[in-house]
Amino acid sequence: MNKSAEQIDRYYFEKRDQPGGAQELVRMCRDAVAHRRNDFGAWWRLSRALWWLGEQTEDTATKRDAGREGFEAGERAARMEPEKPEGHYWATTCAGEWSLGIGIPEAIIRGVERKFRAHLEAAGRADPQFDHGGIDRIWCRYYFKLPWPKRDLSRAIRHGEAAVASDPLNARSRYYLAEALWDHHRQNRAREQLGIALVLKPGEDFDPIDGRFIQEKCAILAREWHVRY
């Protein structure tokens, strides 16, 4: 059944973490674009759904395929409304999943990283605070994940701190900042950020499902870093 944008958003924020939920969300969004081929909102929502499909698994083939399809959906939305952030932003997140699926060095060789940067810059111009500090949050992870000599932990930390300042209740921003701090040999501050991320109430996160998802990752790091919470 063709779902409205409101129904898709409700499913995304309330049910996408249920068993089979990621796949069902993608199915709903694919059906929406099949019925509304020229709908900007339908295309960026498909991109967002495919980002989640890749993000919630460690399977590299799924990350690769979902990321590539999601990037194409986000890019299509961006062409429809180039001055709005959504298409650019979700294209960026999917380019990230695509890169993780094929390996970051390969993504650089293929030009995926260049596309990632171009869309993130465009999203930032459209709305610097989009997705509750999401632009800085993604830049933080970008500079953290790049291989040497492109890796830049100082920039990662600056963007991570800006993301946390934009939304102190977002667990993902604090998790990304904590990892960048740790690798920059600032372990005390890293533990502090991780500890805060772990005690945040997921229901206060603008995306409660993502808050719970990230706190599971934080709990694994807490055992490695000997963080009490």
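A short reminder: the numbers here are calculations on the coordinates, not readings from a lab. Note that the structure is a prediction, hence the values are computed from the model and not measured. Cβ atoms come from the backbone with ideal geometry, glycine included; neighbour counts cover every protein chain shown.
Here are some notes:
- Among the chymotrypsin sites (Phe, Trp or Tyr not before Pro) in the range 105-164, none sits in a DSSP loop with a Cβ that has at most 14 other Cβ atoms within 10 Å.
- Percent of C-alpha pairs per 10 Å bin, the chain, short to long: 9, 32, 39, 17, 3, 0
- Backbone geometry of the range 160-167 corresponds, through the Karplus equation with coefficients 6.51, -1.76 and 1.60 at θ = phi - 60°, to 3J(HN,Hα) couplings of x, 5, 5, 5, 5, 5, 5, 8 Hz, x marking Gly and Pro.
- Between helix 85-102 and the chain: long-axis angle, C-alpha atoms, 0 to 90°, nearest 10: 70
- Counting beta carbons within 10 Å around each of 221, 50 and listing the fewest first gives the order 221, 50.
- Ranking of 47, 166 by count of other Cβ atoms within 10 Å, fewest first: 166, 47
- Distance between the C-alpha centres of the range 1-56 and the range 176-229: 28 Å, rounded to the whole angstrom.
- Local electrostatic count, residue 162, Cβ distance below 12 Å [Lys/Arg +1, Asp/Glu -1]: 0
- In the chain, the DSSP-assigned H stretches of four residues or longer account for a calculated mean residue ellipticity at 222 nm of -25000 deg cm²/dmol, using -39500 (n - 2.57) per stretch and the full residue count as denominator.
- The chain: angle of helix 5-14 to the longest principal axis, Cα-based, in degrees nearest 10: 30
- Equivalent ellipsoid semi-axes - Cα gyration tensor, the range 1-61, angstrom: 19, 13, 9
- Comparing Cα centroids, the range 71-147 and the range 156-173 end up 17 angstrom apart.
- Shape analysis of the range 1-127 yields a ratio of the Cα radius of gyration to the Kirkwood radius, Rg/Rh, of 0.97.
- Loop-located GluC sites (Glu not before Pro) in the range 42-144 whose Cβ has at most 15 other Cβ within 10 Å (DSSP): 58, 83
- Anisotropy class of the range 119-229 from Cα gyration tensor, a/c 1.5 cut: oblate
- With Cα atoms, 0 to 90° folded angle of helix 60-80 axis to the chain main axis: 60
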